[in-house]
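What follows is a set of notes on a single structure, which appears directly below.
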Amino acid sequence: MWYFTIKQQRIKNAQYQQLQKIASLTEVEIFNEPYENYCLFEVPRERYRDFIDHLDLEGIAYDVSPDKPTREKLLDNMR
């Protein structure tokens, strides 16, 4: 599995729905102000290329990891 993290405010609702169709699991990590919320997409290896292609075509910035990021890691990246 691959885990993609995207800042929630960077994607439109229609883009989010399209990404949900490709991913096997979608989660939203909600943080209090002043931090941003993150969308986390779990993508199987066989759909990795489709997911990357869609993100790149839409111009969506993302981080990808083979390990699921913890809430603490997401917070560390924002500090």
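All of the numbers you see were taken from the coordinates with simple rules; none came from a lab. As the structure is a prediction and not an experimental result, all values here were calculated from the model. So basically every Cβ, Gly included, is an ideal-geometry build from the backbone, and we count neighbours across all protein chains shown.
List of remarks:
- Leading residue by the ranking (surrounded by the most Cβ atoms within 10 Å (Cβ to Cβ)) among those in region 22-37 that are under 14 Å from the mean Cα position of the chain (by Cα) and of a type outside the set (S, T, N, Q): A23
- Yes/no for I52 being of a type in the set (A, V, I, L, M, F, W, C), surrounded by 13 or more Cβ atoms within 10 Å (Cβ to Cβ), assigned to a loop (DSSP other than H, G, I, E, B) and within 13 Å of the chain's Cα centre (by Cα): no
- Looking across region 25-49, the residues that are touching a Leu at 6+ places or on another chain (Cβ under 9 Å) and either in a loop (DSSP other than H, G, I, E, B) or more than 17 Å from T5 (Cβ to Cβ) (or both) come down to F31, Y35.
- Residues being out of contact with any His (no Cβ under 8 Å at 6 or more places or on another chain) and more than 18 Å from L75 (Cβ to Cβ) - total across region 11-34: 13
- Within region 55-72, considering residues that are in contact with a Ser or Thr (Cβ under 9 Å, 6 or more places away or on another chain) and outside any strand (DSSP E or B), the one farthest from W2 (Cα to Cα): Y62
- Among the residues listed as L40, L19, the single one being farther than 16 Å from S65 by Cα, surrounded by 14 or more Cβ atoms within 10 Å (Cβ to Cβ) and under 10 Å from the mean Cα position of the chain (by Cα): L19
- Hey, A61 small (G, A, S) and surrounded by 12 or more Cβ atoms within 10 Å (Cβ to Cβ) or not: no
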